[in-house]
Structures are given as structure tokens and as C-alpha cells.
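What follows is a set of notes on a single structure, which appears directly below.
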Amino acid sequence: MIKEAVILAAGQGVRMRPLTDELPKPCLPVAGKPIIHIILEELHKTGIEKIVIVTHYMENILKETARGKAESLGISIEYVRQGGILGTADALVKASEKLECDKFIVYYADVIVSSDTLRNIIHAHPDNCICTLAVTEVDDPTKFGVIKVNREMNVVDIVEKPSFSDVKTIFAGIYVGTSSLIDYACETELSPRGEKEITTTFLKAVKSGRIVKAFHVPFENWIHIGYPWDLLDANESLMKKFAGRKPVIKGKVEEGATLKNFVYIGENTIIRSGAYIEGPVWIGNNCDIGPNCYIRPFTCICDNCRIGNACEIKNSIIFEGSHIAHLSYVGDSIIGRDCNLGAGTITANLRFDDKTVKVDVKGEVIDSGRRKLGVIMGHHVKTGINVSLMPGVKVGSRSWIYPHIVVYRDIPSNAKVKSDVLP
């Protein structure tokens, strides 16, 4: 039985900006919890007793977020710091300094799977194998490590981020490793990107005659968070598991408020008269909801938020401390920490031509694959009255959008937008 795990959490989450301007990706909230909490819970259910977390970007925030959850679960956590973005093979070598067992599981912090899936991966690992990789099938494999296997599910070749591939099987970011694999990781050369890639390590082991197994994880059982809109997919997938459960009410619900299906209401939260909440919905602690607002399914509202009169929130994630107090609509959107939306702020989430929404990520236009996608808003953003945000726009942290502006293009951080013509 495997007792040790490694979580790789050093990355900067550049493709997730502006959400990762002030938070590392594993600390982003989904279904009422930071991602790292969900990972720790699922690993704990498999019998893992010790976890080594590899850190770099905003490591103090990550440590603080993980600490309380680890203590409540009784898991021992140790940390190693990767000096830079040096690659996943380098991360394994760094983590090995804290490992005591010959066999362990490695888990990328931008992936979510259930404890049942983790057990299946662990049980699929044979004793004569140097490592066992979780793999899954995707429509577009070009942003992943493509895995080629034979009939016995032995890995025969790996191609990292190919420009094109007929093979749709990709490495799913979880593997069972052994002490022998660490030796290969130590010998791994730099890739063209200047990193030591663990896929290069796997391939090095295969070419030396070692057995590397692949274990197939159904795509529907695998959540990968690579882009901001993936948070919405993850949120919906995880909240579907609340179906059929009784509401959990730790705060106060005034007479005249309506709750349907599963609704979680945190401590010291008040749901005012006239609020209509249609679950599954998660509302954190110290929130003020209503009166006369509509909260629709698959909405996650974190602690210390305000949703006020005549507001409608649909299938969105509202980070801690944000206020949407008057006459606003937020649909299929992500609102960062401590934002304040002026009265009449509207997020458009559907194109006129009904096509999927495209988003600019690091200068590349990416098709989100989503027919409905609203705004991706960073932290400490303020909008004036009657601001309209078009589908798929990103608003950088600490920006101000003055009244009556229609936002058609992305807004950088720290911007002051006073007209529709952006700087």
C-alpha cells in the first residue's frame, strides 16, 4: 500500500491570469474549496499519510492554505522549494529528498480525480514496473504529452506537445513512481524549453528496457484546470455530486426566501427575504444575500461576499470579499477577490452568432469550447454603473472601469478605463 505522495505545485499558472495574479493556481476556489483542499482530501481517502509539496510561486499563500486542511485530516506535509520553473523531472528529484518509501504517487496540482480513481491507478501498478502513468483521451492532444502504448498497455513512445497527433491518449498528470525512476529523473537532460520534463524521464526508462505501464482514466472522471474557464467546468462537475443531498444551513434564512435542491449556507451568512436560490449552490461564511435576488445552479459564492437587490448570478464563481450589490447580472463568469460591481453591471455570456466563445491567452486566441462564457475578472476590480462586459473578455486586477463603458477587449491590470477606446 502506498503511504507517500508528491504534489507538484510550483507553477506560476500563467494561462490562468488574471486569476493567478494574487493566488497560486492550487488555491483557486471551486465548489466551495481551494483546489489544494480537494486534492488533499482525495489523497487522504486512499490511505496516504505523508505528502511532499513542491512549491515556488507564491509558496507562502500555498502553505497557509494547505496547513489547516492537512491538520484536520491528520496528514503530515513537508515542503521543498523548486528554485525556478525547472521542469517536472527536476521537481521529482527535489521531492525525493523528503521521501522515505520505495513507491509513491505523484499528483499534479492542476488535476482533480476522485479517491476511487486514485486507488485504481495504485492497484494497476505491477511490481515489475518502474512507474505507472494515468492516461486519458482528449480531442486536442497538442498541449499535452502524447502517450503511445501497445496491447499490454506498456508505454512505447511519448511525444511532448506535438504540433499534430493522430493519437489522442495523453498523460493525465498522475503517476505511481519508484525509487528507480528517481535515478532516471536525475539523468534527464534539458528539453528545448529549458526544463527537465518528466515525460523525457519516462521515455528514457522505456528506451533502456524498463517497463512503464499506462492506466486509462475515463475522461469524465478526470478534471484538468489549464485555462480560466476550466474552473467553471470543474465547479459544475463537482457540484453535480451534491444532487439529492439535503441543504446545509449554518447561517440565517429569513422568512420569504426560497431554497430549492442542495444549497450550502455558511456560518454568519444571511439570506434575506425574496432571495430565490436554486441549487446546487454553495455560499460561504459571512455573506449577505438579497433581498430579491436570484442565485441559479452551479454558483459558488465564497466568504464575505455581498449579492444584493435585483441581482442574478448564474453558473459563476465569486471569490472572497466581492460585492455585487445592485441590479446586476453575472453569468458563466469568474469574479476575483474584493471586486465591486457598480449598479447595472452586466456580463454578456452569449455571442450573437451563437458560436463558441474565444479568449486571448498569452497572445494566442483560444477557443474555450463553451457556448456560454462571461467575464474572467481579476482581483480588486471596480466597475461603475451600467458597465457591460462582452463574452470572454478578461479584466486585469486592480483596474477601474468608469460608468457606461462597453468592454469589447481585454483590459490589462491597473488600468483606468474611461472610454470604449482602450489604451
Of all residues in segment 172-189, which are assigned to a loop (DSSP other than H, G, I, E, B) and acidic (Asp, Glu)? 187, 189
Within segment 28-42, count every residue that is at pLDDT below 95 and closer than 22 Å to residue 413 by Cβ. 0
Tell me which residues, restricted to segment 300-347, are free of Cβ contacts under 8 Å to residues at least 40 places away in the same chain and at positive phi. 304, 310, 321, 327
With the condition kept exactly as written, say whether any residue in segment 159-169 is touching a Phe, Trp or Tyr at 6+ places or on another chain (Cβ under 8 Å) and among the small types (Gly, Ala, Ser). no
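Only one residue in 339, 293, 302 is surrounded by 23 or more Cβ atoms within 10 Å (Cβ to Cβ), farther than 18 Å from residue 376 by Cβ and assigned by TED's automatic domain parsing to the domain that holds residue 389, so which one is that?
On the way: 339 fails: farther than 18 Å from residue 376 by Cβ; 302 fails: farther than 18 Å from residue 376 by Cβ.
So the residue among 339, 293, 302 that is surrounded by 23 or more Cβ atoms within 10 Å (Cβ to Cβ), farther than 18 Å from residue 376 by Cβ and assigned by TED's automatic domain parsing to the domain that holds residue 389 is 293.
The rows are residues; the columns are (1) part of a loop (DSSP other than H, G, I, E, B); (2) of a type outside the set (A, V, I, L, M, F, W, C).
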residue	(1), (2)
359	no, no
379	yes, yes
385	yes, no
391	yes, yes
398	yes, yes
Options 277, 313, 307; residue that is farther than 22 Å from residue 237 by Cβ, in the same structural domain as residue 372 (by TED's automatic domain parsing), of a type in the set (A, V, I, L, M) and assigned to a strand (DSSP E or B): 307
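Would you confirm, using the coordinates I've provided, whether residue 39 is surrounded by fewer than 18 Cβ atoms within 10 Å (Cβ to Cβ) and within 19 Å of residue 231 (Cβ to Cβ)?
Answer is no for this residue.
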Scan segment 205-227 and give yes if some residue there is among the hydrophobic types (A, V, I, L, M, F, W, C) and farther than 24 Å from residue 92 by Cα, otherwise no. yes
Checking residue 386 against (1) under 27 Å from residue 278 (Cα atoms); (2) under 26 Å from the mean Cα position of the chain (by Cα), which single condition isn't satisfied? (2)
Those residues of segment 190-213 which are part of a loop (DSSP other than H, G, I, E, B) and at negative phi amount to 190, 191, 192, 193, 195, 196, 197, 208, 210, 211
For segment 223-279, which positions are touching a Lys or Arg at 6+ places or on another chain (Cβ under 7 Å), surrounded by fewer than 17 Cβ atoms within 10 Å (Cβ to Cβ) and within 17 Å of residue 313 (Cα to Cα)? 270
Starting from segment 362-373, keep only residues that are closer than 12 Å to residue 331 by Cβ, then list their pairs with residues that are assigned to a loop (DSSP other than H, G, I, E, B) and hydrophobic (A, V, I, L, M, F, W, C) whose Cβ atoms are within a distance under 7 Å, requiring at least 6 positions of separation or different chains. 370/357; 373/357
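Only one of 25, 69, 3 is of a type in the set (Lys, Arg), within 19 Å of the chain's Cα centre (by Cα) and modelled with pLDDT under 95; which?
Only one candidate passes the filter, namely 69.
Picking from 133, 92, 86, which residue would you name as being surrounded by 14 or more Cβ atoms within 10 Å (Cβ to Cβ), part of a loop (DSSP other than H, G, I, E, B) and either free of Cβ contacts under 8 Å to residues at least 12 places away in the same chain or touching a helix residue (DSSP H, G or I) at 6+ places or on another chain (Cβ under 9 Å) (or both)? Before the answer, list the steps.
Details: 133 fails: part of a loop (DSSP other than H, G, I, E, B); 92 fails: part of a loop (DSSP other than H, G, I, E, B).
It is 86.
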Just one of (1) closer than 25 Å to residue 37 by Cα; (2) in contact with a Leu (Cβ under 9 Å, 6 or more places away or on another chain); (3) surrounded by fewer than 19 Cβ atoms within 10 Å (Cβ to Cβ); (4) not hydroxyl-bearing (Ser, Thr, Tyr) trips up residue 123, so point out which. (2)
Note down all Cβ pairs under 8 Å where the first residue falls in segment 214-243 and is assigned to a loop (DSSP other than H, G, I, E, B), the second is among the aromatic types (Phe, Trp, Tyr) and surrounded by fewer than 22 Cβ atoms within 10 Å (Cβ to Cβ), and they're at least six residues apart or on different chains. 243/262
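Please determine, by comparing only the residues of segment 4-34 that are part of a helix (DSSP H, G or I) and β-branched (Val, Ile, Thr), which one is surrounded by the most Cβ atoms within 10 Å (Cβ to Cβ). Steps first, please.
Step one: list which residues in segment 4-34 are part of a helix (DSSP H, G or I), which gives 14-16, 19-21, 25-27.
If we keep only those that are β-branched (Val, Ile, Thr) too, we end up with 14, 20.
Details: 14: 12, 20: 23.
My answer is 20.
With respect to residue 395, is the statement that it is within 21 Å of residue 232 (Cα to Cα) and surrounded by fewer than 22 Cβ atoms within 10 Å (Cβ to Cβ) true?
On the way: within 21 Å of residue 232 (Cα to Cα): yes; surrounded by fewer than 22 Cβ atoms within 10 Å (Cβ to Cβ): no.
So residue 395 fails the test.
The values are calculated or read from the model by the stated rules, or taken from the named source; none is laboratory data. As the structure is a computational prediction, the values presented were derived from the model and not from experiment. Backbone-built Cβ (ideal geometry, glycine too); neighbour counts: all protein chains shown.
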